[in-house]
Number of protein chains: 2
Amino acid sequence: MRFTSEQRLDNGVLEREFTLGEIPGTLWTPGSTPAPLILMAHNNGLPKNEPRLVARARHCASQGYAVATIDAAGCGDRPRSAADDSARAELRRAMRAGEPVDDIFESFVAPMVESAVPEWRTALDAVLALPGIHGPVGYSGWTALGIRLAVTEPRIAAAAFFAGGYVPLAQREEARRVTVPLLFLLQWDDEGNPRQRALDLFDAFGSAEKTMHANTGGHVGTPWFEAEDKGRFYDRHLK
Amino acid sequence: MRFTSEQRLDNGVLEREFTLGEIPGTLWTPGSTPAPLILMAHNNGLPKNEPRLVARARHCASQGYAVATIDAAGCGDRPRSAADDSARAELRRAMRAGEPVDDIFESFVAPMVESAVPEWRTALDAVLALPGIHGPVGYSGWTALGIRLAVTEPRIAAAAFFAGGYVPLAQREEARRVTVPLLFLLQWDDEGNPRQRALDLFDAFGSAEKTMHANTGGHVGTPWFEAEDKGRFYDRHLK
């Protein structure tokens, strides 16, 4: 793990860019240590430095958490195959046209989840080896990856998932094996995530403690108070 | 309004029983005034002194709110007609047997909502006339009554509804006219409230800001942290 830049933010959080082999990542650490760790994952080709994601990570770190994110294969600035690019374009076109997207989605996103898992585990190992950062570990964000990590990675102790309308078949089937406490965040009018599928997924999770927060509005309309609610969810399970 | 008893609780809250004509009620006031008011309503024949309800009212008052509740006609110790008693018994029998209950429910609960509304408004007038208690007013609890109050009573500024699987037709139709900020609390495995109907009701509300919190468990299994979440919802809108 090699740190390539760092800056101290006004709220006392240290923000560092790093690389792990070819994996680029960002680590936010609070002024106080030891801090429990939260993995903040994003999908859909968003870069890890997308302003909404960065703002959430900084807020979360200011509440006493170490927060780590990476651009897994196919995300952010990572190289993409021409096949990925065309599948992505076809997915967007089909969604806009209101056509069924399951087959495109499955062929495109299922392999992306498979290749992201080992990279996130590598990052988890590396970050937990740093001084002042410890488990239990929380997870936040990309639902499909989070399901796979929650059922295969015993260090994950609590998970907050976002959206979840489109999730590859393998993860829909794994959902019942998720047993960690869950916070499932749903935008009721999410233009890209069928509501009923998200509700079915919430129903399928095996966790004894699972909570859904649903709010009016589209995919990017999550109200600010949900960031605070998520913080309290982690506080209950990680502190 | 005549106070019939009072006690000061360990958390500084003053708990007073009162009567308003034939309406019995309880008022909890915090140590600090002026305090915004929350109407905490219950349905289904529960008495206002049911321990779960009292515990929530005391908690809410300790957070700086005045909390008022009454036993509206047909609730708690209020006289009931023989017809009410037999409808109630028939409703329980049909629910246990898994039979359709809409007709029984409608014939029994719709008039109960109608008769409760003027009594709650009388209580609201009386409590707001006391020194140190002021609007805006929050509402908590019984969904059907809350819908009717929210669309007819401009002093209600925010409402938290519980359950909502069975709501009389008149209130299901009024739901789209509710425009105050809403927190809709759903027990995912509520044995007495069909989940899909509750989801449909949440969808129908006209409020620009509406949030649903759904948790695993049956009707009385709401986790303790929801009381705190509800407090923060009121803090955003009433303080």
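With all pairs of separate Cα atoms included, the range B:178-222 yields a Kirkwood hydrodynamic radius of 10.9 Å. In this structure A:Met112 has an accessible area near 20 Å², from a 1.4 Å probe over the protein heavy atoms.
For B:Glu209, the amide hydrogen comes within under 5 Å of the amide hydrogens of B:Leu182, counting only partners 5 or more places away or on other chains and with H modelled in the peptide plane.
For B:Met1, the shell of other residues with beta-carbons less than 12 Å away shows a net charge of 0, using +1 for Lys and Arg and -1 for Asp and Glu. So which residue, out of A:Asn193, A:Asn11, A:Asn43, gets the largest mean-square fluctuation from a GNM of chain A using Cα contacts under 10 Å as springs? Checking each option, the largest mean-square fluctuation is seen for A:Asn11. Distance between the C-alpha centres of the range A:63-93 and the range A:213-230: 23 Å, rounded to the whole angstrom.
In this label model, A:Ser81 and B:Asp200 are separated by 4.6 nm, measuring between points 7 Å along each Cα→Cβ vector.
Each peptide in A:28-34, B:125-131, A:77-83 gets a packing score, the mean of other Cβ atoms within 10 Å over its residues, and the list from highest to lowest is A:28-34, B:125-131, A:77-83. Axis angle, to the nearest 10 degrees, between helix A:143-152 and the longest C-alpha principal axis of chain A: 60 degrees.
Taking B:Cys75, A:Cys60 and ordering them by how much accessible surface each has at a 1.4 Å probe, largest first, produces A:Cys60, B:Cys75. Here B:Tyr166 sits with roughly 50 square angstrom of accessible surface, probe radius 1.4 Å.
Mean per-residue shielding of peptide A:211-223 is 4, counting Cβ atoms of other chains within 10 Å of each Cβ.
Surface listing: B:Leu169, A:Leu46, A:Leu37 arranged by accessible area from highest to lowest gives B:Leu169, A:Leu46, A:Leu37, probe 1.4 Å. Neighbours of B:Leu124 by Cβ distance under 12 Å: Lys/Arg scored +1, Asp/Glu scored -1, total -1. Simple point charges give the picture: +1 on the Cβ of Lys and Arg, -1 on the Cβ of Asp and Glu, and for chain A a dipole about the Cα centre of about 500 debye. Shape analysis of the protein assembly as shown yields a ratio of the Cα radius of gyration to the Kirkwood radius, Rg/Rh, of 1.03. Taking Cα centre as origin and charging only the Cβ of basic (Lys, Arg, +1) and acidic (Asp, Glu, -1) residues, the dipole magnitude of the range B:67-138 rounds to 220 debye. Across the range B:11-24, computed HN-Hα scalar couplings (Karplus, 6.51 cos²θ - 1.76 cosθ + 1.60, θ = phi - 60°) run 7, x, 6, 9, 10, 10, 7, 9, 10, 10, x, 8, 8, x Hz from first to last residue, x flagging Gly and Pro. Net charge of the neighbourhood of B:Asp85, taken over other residues with C-beta under 13 Å away and scored Lys/Arg +1, Asp/Glu -1, is +3. Among the GluC sites (Glu not before Pro) in the range B:1-79, those placed in a DSSP loop whose Cβ has at most 10 other Cβ atoms within 10 Å are B:Glu22. Taken one residue at a time, the phi angles of the range B:67-81 give Karplus couplings (6.51, -1.76, 1.60, θ = phi - 60°) of 10, 10, 9, 9, 8, 6, 3, x, 9, x, 8, 5, x, 10, 7 Hz. Gly and Pro are set to x. For a modelled paramagnetic label at B:His134, 7 Å from Cα along Cα-to-Cβ, the residues of the range B:215-234 in reach, with backbone nitrogen under 19 Å, are B:234.
Going toward the positive end of the dipole of the range B:44-132, with +1 on Lys and Arg Cβ and -1 on Asp and Glu Cβ, which of B:Ala66, B:Ala110, B:Ala126 do you reach last? The residue sitting farthest along the positive end of the dipole is B:Ala66.
In this structure, the residue pairs whose Cα-Cα separation is over 22 Å, taken from A:Lys230/B:Lys210; A:Lys230/B:Lys230; A:Lys230/B:Lys48; A:Lys239/B:Lys239, are A:Lys230/B:Lys48; A:Lys239/B:Lys239.
Angle of helix A:225-238 to the longest C-alpha principal axis of chain A, folded into 0 to 90 degrees and rounded to 10: 60°. Heavy atoms of the protein chains alone define the surface here; on that basis the range B:1-117 has 48 Å² accessible area per residue at 1.4 Å probe size. Residue-wise HN-Hα couplings along the range A:102-110, as the Karplus relation 6.51 cos²θ - 1.76 cosθ + 1.60 with θ = phi - 60° gives them from phi, are 4, 5, 4, 4, 4, 5, 9, 8, 4 Hz; Gly and Pro carry x.
Remind me, relative contact order of chain A in percent, using alpha carbon pairs under 8 angstrom and six or more residues apart? Reported as a whole number, the value is 16 percent. Extending 7 Å from the Cα toward the beta-carbon at both B:Ala170 and B:Arg96 defines two label points whose distance is 3.0 nm. Per-residue extension of 0.36 nm, minus the Cα-Cα distance of B:Thr19 and B:Thr33, leaves a gain of 2.8 nm for this segment.
Given +1 at the Cβ of Lys and Arg, -1 at the Cβ of Asp and Glu and no other charges, the dipole of the range B:142-239 around its Cα centre is 340 debye to the nearest 20. Residues B:Ser62, B:Ser107 ordered from highest to lowest accessible area at a 1.4 Å probe: B:Ser107, B:Ser62.
The values are calculated or read from the model by the stated rules, or taken from the named source; none is laboratory data. If you're wondering where the values come from, they're calculated on a predicted model, not measured in any experiment. Reconstructed Cβ throughout: ideal geometry from the backbone, glycine too, with neighbour counts over all protein chains shown. When the accessible area is computed, the model is the full protein with side chains, heavy atoms only, and any ligands, DNA or RNA have been set aside. Shrake-Rupley method; radii C 1.70, N 1.55, O 1.52, S 1.80 Å.
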